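Report on the structure given below.
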Amino acid sequence: MRTGVALLLLGACTSPAVVGPADINELMKPEVCQSCHPDAYRQWSGSMHAHAADDPVFLAMNQRGQRETNGELGDFCVNCHAPMAVRTGATTDGLNLDDVPQYLKGVTCFYCHQVDAVEGTHNNPLRLAMDGVMRGAIADPVPAGIHDSAYSALLDRTQHESADLCGSCHDIVSPKGAHIERTWLEWQTSLYGREGGVSLTCGQCHMDGYDGKSTIGFDVPTRRLHSHAMPGVDLALVPWPEADEQRRLVVASLESSLLAQLCVFPNEPTTTMVATLENVGAGHSFPSGAVQDRRVWVEVNAWDADDVLVMSTGKRAPGQGLYEVDDHQLWEFRDRHYDRGDEVHFFWQVVDVTSSLLDAPVAADPLDPLWVQNHRQRTFTAPGVVARAELVVHVEPVGLDILDLLIASGDLDPAFRTRMPRFTLESTRVDWRAERGASCATP
Amino acid sequence: MRALVWFVVGLGACAGGETADTNGSDDTALIDDAACTGAFEQLVANEPIATSDDAFRVAWVDVDPTRPAKGENRWSLSVTDASGVPVAGASVVVTPFMSVHGHGLSPADYVGDESTTAIGVYEVTPFNLSMPGTWEFTVTIVDGATTDALELALCVQG
């Protein structure tokens, strides 16, 4: 029976008049969507949305969190990482995801396209219509037969309110009340979150447009569509579809986020170097999201006229954790979490947050006092007259130090440590030479 | 040989937040103009545009994608003097900037390498436009002692 329904649905795109509305349980399956929307499905299949409940770091953290809270963590994690599994009762805590059907894992087509309201500001307050009407950004969808369709501003990336749909999951308040992930808030308070001409929604940056047909097998016009690849900063640590494409998109996104400058003033007995970073391309802080876990830091090196390295900070060998080296000049951007003054490392422990991130821009006019808000500056010193200096920024989606904690507790396979990517942002690489004289260099 | 391209960008103000007409297959309706504000230039393939002091003429001979869009963009520019004679050996630099947000790109400038097959044609290093919206592009040309530039505001679609 199920095979028959599936075959009917798969045949729907070649003979739409034959098939009527599908059972809502079938519409929950991304592979059913694939039959008529192969491009969107392919793009989504490589996304971290599709991967959200399969990521080994997520599974390890959830496992450890459930254990350390005696199960009180409940559905806190899976409510965002496998929302359909929670909504259908397939899981209550994410500890049984190996037994949950794949189509209920991750953030699926059905989940987003059934949203009809946003009922809060964080921790996934999305309301699903559960009516089988697939909502989207097309104002006049061609009747599909297999499912009804409707326009929704929540799924139209050209509409300001579409950020509400994304943002209400990408904004997290911890079980103890700490606001630990603030991507939506960061965007709302930035230049990009203001309604009007300068606004850009999540989808306008993370879901690139292209010209195409939304569906196969139907007589639909060519439209401006948007990719469902949704690159951020994370990559799959296990074999996963579209891995090369997702990496390409993530790198392109990271490389367009920051502007860097290094001003060098050679002198005796010390050279002063002033590094400036500006977050221009991210519509939120950089880093953003799980900023307690993400590692973003600056590497600065300086050499004298004999090419002797006289100063170095932020330089790490492959596989070397950021804090494995005593580096008193380390310049990094992250949150730190505390519980009654003691630093903690996992989100279920945190009560207080201190934050040092590259803020999103809030002003476009250099004469506006707020214009400097997305700039950060740090002064470094080197002994003697420096003849050459360089700067570059590195990004690790989840710090190796966090992985080491999960490995030590037996929750994460050590093999994953070597698979965690470390991005070196070539767009931030600055190379200053003494021939320039005391001056500022940019990439 | 890549086909000559015509790309039309909308003229006149486009209010932010309005959904572009996506109903039909009209080419102009495919522009995601909700991210652009103000008036912006219309470009026609091979139609030269004069630099500000009229020292040079610049024509877009090859553009990919055919409309400027978020992501990687490749331009080939033809540079002539005011009388239409191709200018060889010039320095051609394109500098994209987004004044509504107050930022450019990193690096800021993109150099045109002279074509080996066409005199006066310069293939600009591909540049990655980081977001949709209105961008200003300055094309600066230096030929010997003569320096001139032109600036265009273009709607970059998302």
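The values are calculated or read from the model by the stated rules, or taken from the named source; none is laboratory data. None of these values were measured; they are calculated from a predicted model. Backbone-built Cβ (ideal geometry, glycine too); neighbour counts: all protein chains shown. To get the accessible areas, we keep the full protein, side chains included, count just its heavy atoms, and leave off ligands, DNA and RNA. Shrake-Rupley method; radii C 1.70, N 1.55, O 1.52, S 1.80 Å.
Going by what's in this entry, would residue A:373 be described as within 22 Å of residue A:192 (Cα to Cα) and touching a residue at least 12 places away in the same chain (Cβ under 8 Å)? Walk me through how you get there before you give the answer.
Numbers: within 22 Å of residue A:192 (Cα to Cα): yes; touching a residue at least 12 places away in the same chain (Cβ under 8 Å): yes.
When the stated conditions are applied, residue A:373 passes them.
So is residue A:265 open to solvent by 20 Å² or more (accessible area, probe 1.4 Å) and either within 9 Å of chain B (Cβ to nearest Cβ) or touching a strand residue (DSSP E or B) at 6+ places or on another chain (Cβ under 8 Å) (or both) or not? Explain how you work it out, then say what you get.
On the way: open to solvent by 20 Å² or more (accessible area, probe 1.4 Å): yes; either within 9 Å of chain B (Cβ to nearest Cβ) or touching a strand residue (DSSP E or B) at 6+ places or on another chain (Cβ under 8 Å) (or both): yes.
The answer is yes for residue A:265.
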Exercise. Of the conditions (1) within 14 Å of chain B (Cβ to nearest Cβ); (2) polar (S, T, N, Q); (3) open to solvent by 20 Å² or more (accessible area, probe 1.4 Å), residue A:190 clears all except one; give me its number.
Key: (3)
Quiz prompt | Hits in the range A:153-170 - residues which are free of Cβ contacts under 8 Å to residues at least 60 places away in the same chain, in contact with a helix residue (DSSP H, G or I) (Cβ under 6 Å, 6 or more places away or on another chain) and assigned to a loop (DSSP other than H, G, I, E, B) | solution = A:156, A:158, A:159, A:161
Practice problem: Of the numbered conditions (1) open to solvent by 60 Å² or more (accessible area, probe 1.4 Å); (2) in contact with a His (Cβ under 9 Å, 6 or more places away or on another chain); (3) modelled with pLDDT under 95, residue A:340 fails exactly one; give the number of that condition. | Solution: (2)
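Among the candidates A:144, A:139, A:150, which residue alone is away from chain B (no Cβ under 14 Å), touching a strand residue (DSSP E or B) at 6+ places or on another chain (Cβ under 7 Å) and outside any helix (DSSP H, G or I)? Explain how you work it out, then say what you get.
Working: A:144 fails: touching a strand residue (DSSP E or B) at 6+ places or on another chain (Cβ under 7 Å); A:139 fails: away from chain B (no Cβ under 14 Å).
A:150 is the lone residue from the list that is away from chain B (no Cβ under 14 Å), touching a strand residue (DSSP E or B) at 6+ places or on another chain (Cβ under 7 Å) and outside any helix (DSSP H, G or I).
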Practice problem: Of all residues in the range A:268-299, count the ones that are outside any loop (DSSP other than H, G, I, E, B), farther than 30 Å from residue A:338 by Cβ and open to solvent by less than 10 Å² (accessible area, probe 1.4 Å). | Solution: 2
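Give the residue that is farthest from the other protein chains (Cβ to nearest Cβ), with candidates limited to residues of the range A:410-429 that are open to solvent by less than 40 Å² (accessible area, probe 1.4 Å) and in contact with a helix residue (DSSP H, G or I) (Cβ under 8 Å, 6 or more places away or on another chain). Outline the logic, then answer.
First, the residues of the range A:410-429 that are open to solvent by less than 40 Å² (accessible area, probe 1.4 Å): A:411-412, A:416, A:420-421, A:423, A:425, A:427-428.
When the remaining residues are screened for being in contact with a helix residue (DSSP H, G or I) (Cβ under 8 Å, 6 or more places away or on another chain), the result is A:411-412, A:416, A:420-421, A:423, A:425, A:427.
Values: A:411: 37, A:412: 34, A:416: 31, A:420: 25, A:421: 20, A:423: 15, A:425: 9, A:427: 4 Å.
Out of the qualifying residues, it is A:411.
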Quiz prompt | residue A:250 vs. criteria touching a residue at least 12 places away in the same chain (Cβ under 8 Å), aliphatic (A, V, I, L, M) and within 11 Å of chain B (Cβ to nearest Cβ) | solution = no
Exercise. Working carefully through the options A:393, A:385, A:310, find the one that is among the hydrophobic types (A, V, I, L, M, F, W, C), in contact with a strand residue (DSSP E or B) (Cβ under 9 Å, 6 or more places away or on another chain) and within 18 Å of residue A:257 (Cβ to Cβ).
Key: A:393
Quiz item: Quick one: residue A:364 ticks every box in (1) assigned to a loop (DSSP other than H, G, I, E, B); (2) closer than 28 Å to residue A:271 by Cα bar one, so which box is it?
Solution: (2)
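For residue A:389, indicate whether it is touching a residue at least 40 places away in the same chain (Cβ under 8 Å), in contact with a His (Cβ under 9 Å, 6 or more places away or on another chain) and not in a helix (DSSP H, G or I). Reasoning before the result, please.
Details: touching a residue at least 40 places away in the same chain (Cβ under 8 Å): yes; in contact with a His (Cβ under 9 Å, 6 or more places away or on another chain): no; not in a helix (DSSP H, G or I): yes.
It is false that residue A:389 is touching a residue at least 40 places away in the same chain (Cβ under 8 Å), in contact with a His (Cβ under 9 Å, 6 or more places away or on another chain) and not in a helix (DSSP H, G or I).
Have a look at A:135, A:127 and point out the one that is modelled with pLDDT of 95 or more, touching a helix residue (DSSP H, G or I) at 6+ places or on another chain (Cβ under 6 Å) and open to solvent by 20 Å² or more (accessible area, probe 1.4 Å).
Numbers: A:127 fails: touching a helix residue (DSSP H, G or I) at 6+ places or on another chain (Cβ under 6 Å).
Testing whether each residue is modelled with pLDDT of 95 or more, touching a helix residue (DSSP H, G or I) at 6+ places or on another chain (Cβ under 6 Å) and open to solvent by 20 Å² or more (accessible area, probe 1.4 Å) leaves just A:135.
Going through A:391, A:357 one at a time, which residue ends up being within 30 Å of residue A:74 (Cβ to Cβ), open to solvent by less than 40 Å² (accessible area, probe 1.4 Å) and aliphatic (A, V, I, L, M)?
Values: A:391 fails: within 30 Å of residue A:74 (Cβ to Cβ).
Residue meeting the stated conditions: A:357.
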Quiz item: Taking the range A:36-74, which residues are in a helix (DSSP H, G or I), under 17 Å from residue A:233 (Cβ atoms) and among the aliphatic types (A, V, I, L, M)?
Solution: A:48, A:50, A:57, A:61
Quiz item: Residue check, residue A:217 against (1) open to solvent by less than 30 Å² (accessible area, probe 1.4 Å); (2) more than 12 Å from the chain's Cα centre (by Cα); (3) farther than 25 Å from residue B:96 by Cα, all met but one. Which one?
Solution: (1)
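Please list, ordered by residue number, the strands (runs of 3 or more DSSP E) wholly in the range B:71-158 having 2 or more residues that are free of Cβ contacts under 8 Å to residues at least 40 places away in the same chain and open to solvent by less than 30 Å² (accessible area, probe 1.4 Å). Outline the logic, then answer.
Values: elements: B:71-81, B:91-98, B:110-114, B:121-124, B:127-129, B:133-143, B:146-156.
The strands (runs of 3 or more DSSP E) meeting that bar are B:110-114.
Residue-by-condition table, conditions (1) at pLDDT 95 or above; (2) within 14 Å of chain A (Cβ to nearest Cβ):
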residue: B:78; (1), (2): yes, no
residue: B:99; (1), (2): no, yes
residue: B:116; (1), (2): no, no
residue: B:121; (1), (2): yes, no
residue: B:124; (1), (2): yes, no
residue: B:138; (1), (2): yes, no
Quiz prompt | Scan of the range A:300-351 for residues that are of a type in the set (Lys, Arg) and either under 30 Å from residue A:435 (Cβ atoms) or assigned to a loop (DSSP other than H, G, I, E, B) (or both), ordered by number | solution = A:315, A:316, A:340
Self-check item: Subset of the range B:50-70 (residues that are crowded, with 16+ Cβ neighbours inside 10 Å, touching a residue at least 24 places away in the same chain (Cβ under 8 Å) and more than 30 Å from residue A:199 (Cα to Cα))
Solution: B:51, B:55, B:56, B:57, B:58, B:61, B:62
Practice problem: Please verify whether the range B:10-22 includes one or more residues that are within 8 Å of another protein chain (Cβ to nearest Cβ), farther than 15 Å from residue B:133 by Cα and either in contact with an Asp or Glu (Cβ under 9 Å, 6 or more places away or on another chain) or at pLDDT 90 or above (or both). | Solution: yes
Quiz item: In the range A:33-58, what residues are open to solvent by 20 Å² or more (accessible area, probe 1.4 Å), out of contact with any His (no Cβ under 7 Å at 6 or more places or on another chain) and touching a residue at least 60 places away in the same chain (Cβ under 8 Å)?
Solution: A:33, A:37, A:38, A:39, A:41, A:42, A:48, A:49, A:54, A:55
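Does residue A:116 count as open to solvent by 30 Å² or more (accessible area, probe 1.4 Å) and part of a loop (DSSP other than H, G, I, E, B)?
Numbers: open to solvent by 30 Å² or more (accessible area, probe 1.4 Å): yes; part of a loop (DSSP other than H, G, I, E, B): no.
Criteria not met by residue A:116.
Working only within the range A:209-230, note down all residues that are assigned to a loop (DSSP other than H, G, I, E, B) and free of Cβ contacts under 8 Å to residues at least 40 places away in the same chain.
Of the residues in the range A:209-230, the ones assigned to a loop (DSSP other than H, G, I, E, B) are A:213-222, A:227-230.
Within the range A:209-230, A:213, A:221, A:222 qualify.
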